[in-house]
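Asker: Pasting a structure below so you can have a look.
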Amino acid sequence: GQNIDQPTEMTATEGAIVQINCTYQTSGFNGLFWYQQHAGEAPTFLSYNVLDGLEEKGRFSSFLSRSKGYSYLLLKELQMKDSASYLCAVRDTTRGKLQFGAGTQVVVTP
Amino acid sequence: SAVISQKPSRDICQRGTSLTIQCQVDSQVTMMFWYRQQPGQSLTLIATANQGSEATYESGFVIDKFPISRPNLTFSTLTVSNMSPEDSSIYLCSVYRQGGYEQFFGPGTRLTVL
């Protein structure tokens, strides 16, 4: 099985940087995903890490350490529209299914 | 990418009835999944819809309550049977292609059971 932990809520100011941590325990690992979900909408894909290291995509970056069972999502130059829930998810090797953490609600203030 | 549509987008149902949710993808996909998202919660995997065979259910979910069909590589249905208010949730279809990595989500079906 899998156990995925991430903080419940984080608040940051517009223009600032926020780092959302995710730790996981899994019997099999085939990639870690970050999704953004605005209220009332479906999750949208942000990033994917399967090897250790940092993946950068515009204002968003994601880091993975497989040996530590740890990832983070870094949001830079925060904008008001970044207020959303950010979901960490791990894909297992058995059937490719994704298991999700509880999500981190990011609140961006003016 | 994959374009996924779900029908209905929302429904309000009476206790004890059943609702079938449809998921249509614009291209053939290997894997199709059904998730549930209860109010204020994250996503919970219900089952993997397998083409040509019975679905694979996660712990806590059973076929009698959530029968699933997948007649081809672009379509699946999830039925929520004998509904109770606890089944009020958003139900999401999700897909990914073998050889790819990104997993896409449909817009969801918002179900309210009275």
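The values are calculated or read from the model by the stated rules, or taken from the named source; none is laboratory data. All values reported here derive from a predicted model rather than from experimental measurement. Here the Cβ positions follow ideal geometry from the backbone for every residue, glycine too, while neighbour counts run over all protein chains shown. In case anyone asks, the SASA skips ligands and DNA or RNA and just uses the protein heavy atoms, side chains included. Shrake-Rupley method; radii C 1.70, N 1.55, O 1.52, S 1.80 Å.
Asker: So, in the stretch B:61-114, how many residues would count as being in contact with a Gly (Cβ under 6 Å, 6 or more places away or on another chain) and among the β-branched types (V, I, T)?
Answerer: Total satisfying the criteria: 1.
Asker: Still on this structure, I have one more. Can you name the residue in the stretch A:41-59 that is more than 22 Å from A:T26 (Cα to Cα) and away from every other protein chain (no Cβ under 14 Å) and is also most open to solvent (accessible area, probe 1.4 Å) among such residues?
Answerer: In this case the residue turns out to be A:E56.
Asker: All but one of (1) buried (at least 16 other Cβ atoms within 10 Å of the Cβ); (2) more than 13 Å from chain A (Cβ to nearest Cβ); (3) within 16 Å of B:E86 (Cβ to Cβ) hold for B:G16; which doesn't?
Answerer: The single condition B:G16 does not satisfy is (1).
Asker: Could we say that B:Q24 is in a loop (DSSP other than H, G, I, E, B), away from chain A (no Cβ under 13 Å) and surrounded by 13 or more Cβ atoms within 10 Å (Cβ to Cβ) here?
Answerer: On the way: in a loop (DSSP other than H, G, I, E, B): no; away from chain A (no Cβ under 13 Å): yes; surrounded by 13 or more Cβ atoms within 10 Å (Cβ to Cβ): yes.
In short, no.
Asker: Related question: Quick check on the stretch A:61-110: of everything there that is more than 14 Å from chain B (Cβ to nearest Cβ) and among the aliphatic types (A, V, I, L, M), which residue is nearest to B:F104 (Cα to Cα)? Working first, answer last.
Answerer: At the first step, the residues of the stretch A:61-110 found to be more than 14 Å from chain B (Cβ to nearest Cβ) are A:61, A:63, A:65-83, A:106-110.
Keeping just the survivors that are among the aliphatic types (A, V, I, L, M) gives A:73-75, A:78, A:80, A:106-108.
On the way: A:L73: 19, A:L74: 22, A:L75: 22, A:L78: 25, A:M80: 25, A:V106: 22, A:V107: 25, A:V108: 26 Å.
Only one residue fits best here, namely A:L73.
Asker: Please verify whether the stretch B:90-107 includes one or more residues that are in contact with a Lys or Arg (Cβ under 7 Å, 6 or more places away or on another chain) and within 30 Å of A:Q6 (Cα to Cα). So that I can check it myself, show each step before the final result.
Answerer: Taking the stretch B:90-107 and keeping what is in contact with a Lys or Arg (Cβ under 7 Å, 6 or more places away or on another chain), we get B:90-91.
Pick out the ones that are also within 30 Å of A:Q6 (Cα to Cα) and you get B:90-91.
Yes, the stretch B:90-107 contains at least one residue that is in contact with a Lys or Arg (Cβ under 7 Å, 6 or more places away or on another chain) and within 30 Å of A:Q6 (Cα to Cα).
Asker: On to the next question. Which of the residues spanning the stretch B:78-103 are surrounded by fewer than 18 Cβ atoms within 10 Å (Cβ to Cβ) and either part of a strand (DSSP E or B) or within 14 Å of chain A (Cβ to nearest Cβ) (or both)?
Answerer: Residues satisfying the conditions are B:T79, B:R97, B:Q98, B:G99, B:G100, B:Y101, B:E102.
Asker: Let me ask another. Would you check if B:E58 is charged (D, E, K, R), under 15 Å from the mean Cα position of the chain (by Cα) and either within 14 Å of chain A (Cβ to nearest Cβ) or under 20 Å from A:F100 (Cα atoms) (or both)?
Answerer: When the stated conditions are applied, B:E58 passes them.
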